[in-house]
1. Apply the a/c threshold of 1.5 to the C-alpha gyration tensor of the protein assembly as shown and tell me whether it is rounded, prolate or oblate.
2. Divide by every residue of chain A the summed helix terms, -39500 (n - 2.57) for each DSSP H run of at least 4, and state the resulting mean residue ellipticity at 222 nm, rounded to the nearest 500 deg cm²/dmol.
3. Which aspartates and glutamates have a Cα lying under 20 Å from the Cα of A:Lys115, excluding residues fewer than 8 positions away in the same chain?
4. Among A:Lys56/A:Lys102; A:Lys181/B:Lys121; A:Lys175/B:Lys121; B:Lys56/B:Lys76; A:Lys95/A:Lys166; B:Lys115/B:Lys135, which pairs are too far apart, with a Cα-Cα distance over 26 Å?
5. Give me, ordered by chain and number, the residues 5 or more places off B:Thr47 or on other chains with an amide H under 5 Å from its own placed amide H.
6. For chain A, set up a Gaussian network in which alpha carbons nearer than 10 Å are linked by springs, and say which option among A:Thr173, A:Thr126, A:Thr86 fluctuates the most.
7. Of the options B:Pro13, B:Thr156, B:Leu120, report the single residue whose Cα projects farthest towards the positive end of the charge dipole of chain B (beta-carbon charges: Lys, Arg +1; Asp, Glu -1).
8. What do you get for the angle between helix B:20-34 and the principal long axis of chain B? Use alpha-carbon atoms, 0 to 90 degrees, nearest ten.
Amino acid sequence: MSKRNAPEVNAGSMADIAFLLLIFFLVTTTLASDIGINRRLPPKIDGPVDPPPIRKMDLFEVSINRNNNLLVEQEPMDISQLREATIAFLDNNGKGNCNYCKGKQVINLSSHPSKAVIAVSNSRETSYSTFIAVQNELIAAYNHLRDRESVRLYGESFRSITSKWKAAEDGSTEKEALKNKRDYIKSLFPERISESESES
Amino acid sequence: MSKFNKGGGKELPAISTASLPDIVFMLLFFFMVATVMRENTLFIENTLPSADQVEKLDKKSPIMYVYAGKPGPGYKKYGTEAKVQLDDKMVSNVTEIQNFVQENRNRVGETQVGKLLAALKVDRSTNMGLIGDVKEQLREVNQLKINYATVNGDPTKKK
């Protein structure tokens, strides 16, 4: 009886098959991690309520009209200037009782960062991208000021503290310490942004 | 004769490609593991607006997605006005968001309800009126944690 050896399978095309699969997964992969701007909506209130007293100087009004133009404190403004204007407003120190502010103490801007409120109002026809751009600039202003204080107090930026805090292990003392730092910086410049829809 | 110059003219041996499949398989497995298949088929255009002051969403907390935008090409049967899409269905009446939130709350269980986040994935050209309506509906059911989903980029640049 002749003993036949099984012929060897040619594995040369294996690479081709693997490449095909690889390309398929390369194309379908979205390594997207979800990013975005976090917001907290105000709870629903029944019936009319008196708005809390806010001094005129402490309110920073940003309106966006249907043509996506900005009106900041009754003055037309380009979005590229919004960040600077917001920083000037928050950091103004109108009463002179904020020892970490470096503002110019102008009479018609905020008295203290903890009192400052930013009111964004938009028309129904405002485009979403403009709205996000405005929100982004406002957050950028807060981040700029928080970074400044954070570097002064702890020698590192607010964002680096935040990312370390997120990466730290739950329940560790390090996380607790970072959280305290972060909360303190946040309390220096609390984020108070209201969103509303205007009639027009 | 020099020790290093051996008689010249000798051809280089062919490089073995036997390990090529191994390398490709390694890459393949990486992408297979890292791939997240899209859960929902989108009936709408969904180009997110760009922003650079963004936070990463916490993967540990449960997320529900609310999509909105104009119906995409091939889905013109839904009209041309911007609409909301929840899971796999187009929604003509925004009040259905209330049911959607309720379903998601049941899904994640009682202990996680407080952490539930509504991520708004809205097309950049959508009017704010629709988003205002969505926010109003979320407030109705006390779903206050929201996130405006964006992509990284400079928002002040006009596109």
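Since every read-out is calculated from the coordinates, none of them should be taken as a lab result. Not measured: the values here are computed from a predicted model. Every residue, glycine as well, gets a Cβ built from its backbone with ideal geometry; the counts of neighbours run over all protein chains shown.
1. Prolate is the answer for the protein assembly as shown, as a/c is 1.5 or above and a/b outweighs b/c.
2. The helix contribution divided over chain A gives -12500 deg cm²/dmol.
3. Within reach: A:Asp50, A:Asp58, A:Glu61, A:Glu73, A:Glu84, A:Asp91, A:Glu137, A:Asp147, A:Glu149, A:Asp183, A:Glu191, A:Glu195.
4. A:Lys181/B:Lys121; A:Lys175/B:Lys121; B:Lys56/B:Lys76; A:Lys95/A:Lys166
5. The list, which skips near neighbours in sequence, is B:Arg124.
6. Between A:Thr173, A:Thr126, A:Thr86, it is A:Thr173 that shows the largest mean-square fluctuation.
7. Going by the Cα projections, it comes out as B:Pro13.
8. In chain B, helix B:20-34 runs at an angle near 10 degrees to the longest axis.
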